[in-house]
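> Can you keep this structure in mind? I'll have questions shortly.
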Amino acid sequence: MAYLLLVDDDEDFANAASKVLRDAGHEVRIELDTQNALKSMEERRPELVILDVMFPEDASAGFGLARTMRHYREQLKEVPILMLTAVNVRFPFGFGARDIDENWLPVADFVEKPVDLDVLCNKVSALLEQKGSGADAAQEASQ
């Protein structure tokens with residue numbers, strides 16, 4: 001179906017999530033840090049990125065990667081980002097979908113951990129459908 005990049009330092013979660021996504025027919029690559037994730041995306045552009053916020057080297061590295069994708073990498077700026085995080089468990093910020101913003105939190109959707117893997121699959125499917133609908137509409141308009 002789609003080529004997905006899952007970026008999360010929690011290897012157990014990443015493996016479990018990738019299994020469920022593969023069972024749903026997707027090709028999934030796992031990266032455990034944001035630097036390797038960026039290199040991976042430059043080698044092969046994913047159709048969707050599932051991105052954690054907090055990494056051992058930087059508690060907000062996921063935010064930084066999302067901003068880099070949107071503002072500094074032309075080939076990645078349209079790739080949907082599904083942000084997964086346990087930041088609300090660790091810090092009392094209350095991040096959520098209402099905080100999605102083109103500059104500060106430029107993601108397509110936001111899901112808190114622990115996430116039900118069926119919910120994850122449904123979110124991925126919905127985002128891929130939205131992306132496809134947008135591409136179809138743009139293609140029809142250009143004809």
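> What are the residues in region 17-44 that are of a type outside the set (Gly, Ala, Ser) and touching a residue at least 40 places away in the same chain (Cβ under 8 Å), if any?
Within region 17-44, the subset of a type outside the set (Gly, Ala, Ser) is 19-23, 26-36, 38-39, 41-44.
Val20, Leu21, His26, Arg44, listed by residue number.
> Can you find a residue in region 5-16 that is assigned to a loop (DSSP other than H, G, I, E, B), surrounded by fewer than 16 Cβ atoms within 10 Å (Cβ to Cβ), without any contact (Cβ under 8 Å) to a residue 40 or more places away in the chain and out of contact with any Gly (no Cβ under 8 Å at 6 or more places or on another chain)? Explain how you work it out, then say what you get.
Filtering region 5-16 down to residues assigned to a loop (DSSP other than H, G, I, E, B) leaves 8-10.
Subsequent filtering for residues that are surrounded by fewer than 16 Cβ atoms within 10 Å (Cβ to Cβ) retains none.
No, there is no match, as no residue in region 5-16 is assigned to a loop (DSSP other than H, G, I, E, B), surrounded by fewer than 16 Cβ atoms within 10 Å (Cβ to Cβ), without any contact (Cβ under 8 Å) to a residue 40 or more places away in the chain and out of contact with any Gly (no Cβ under 8 Å at 6 or more places or on another chain).
> For region 17-28, name all the residues that are crowded, with 19+ Cβ neighbours inside 10 Å and assigned to a loop (DSSP other than H, G, I, E, B). Reasoning before the result, please.
Step one: of region 17-28, the residues crowded, with 19+ Cβ neighbours inside 10 Å are 17-18, 21, 26, 28.
Across region 17-28, the qualifying residue is only His26.
> To continue, here is another question. Please specify each residue of region 40-63 satisfying the condition of being among the hydroxyl-bearing types (Ser, Thr, Tyr) and either outside any helix (DSSP H, G or I) or loosely packed, with under 13 Cβ neighbours inside 10 Å (or both). First the steps, then the outcome.
Initially, region 40-63 is screened for residues among the hydroxyl-bearing types (Ser, Thr, Tyr), giving 40, 60.
Correct list: Ser60 only.
> Sticking with this structure for a sec: Among (1) of a type in the set (A, V, I, L, M); (2) in contact with a Pro (Cβ under 6 Å, 6 or more places away or on another chain); (3) surrounded by fewer than 16 Cβ atoms within 10 Å (Cβ to Cβ), which single condition is Ala66 missing?
Single failed check for Ala66: (3).
Values quoted throughout were computed directly from the atomic coordinates according to the rules given, and no laboratory measurement underlies them. This is a predicted model, so every value here is computed, not measured. A quick note on method: Cβ atoms are made from the backbone with ideal geometry, for glycine too, and the neighbour counts reach across all protein chains shown.
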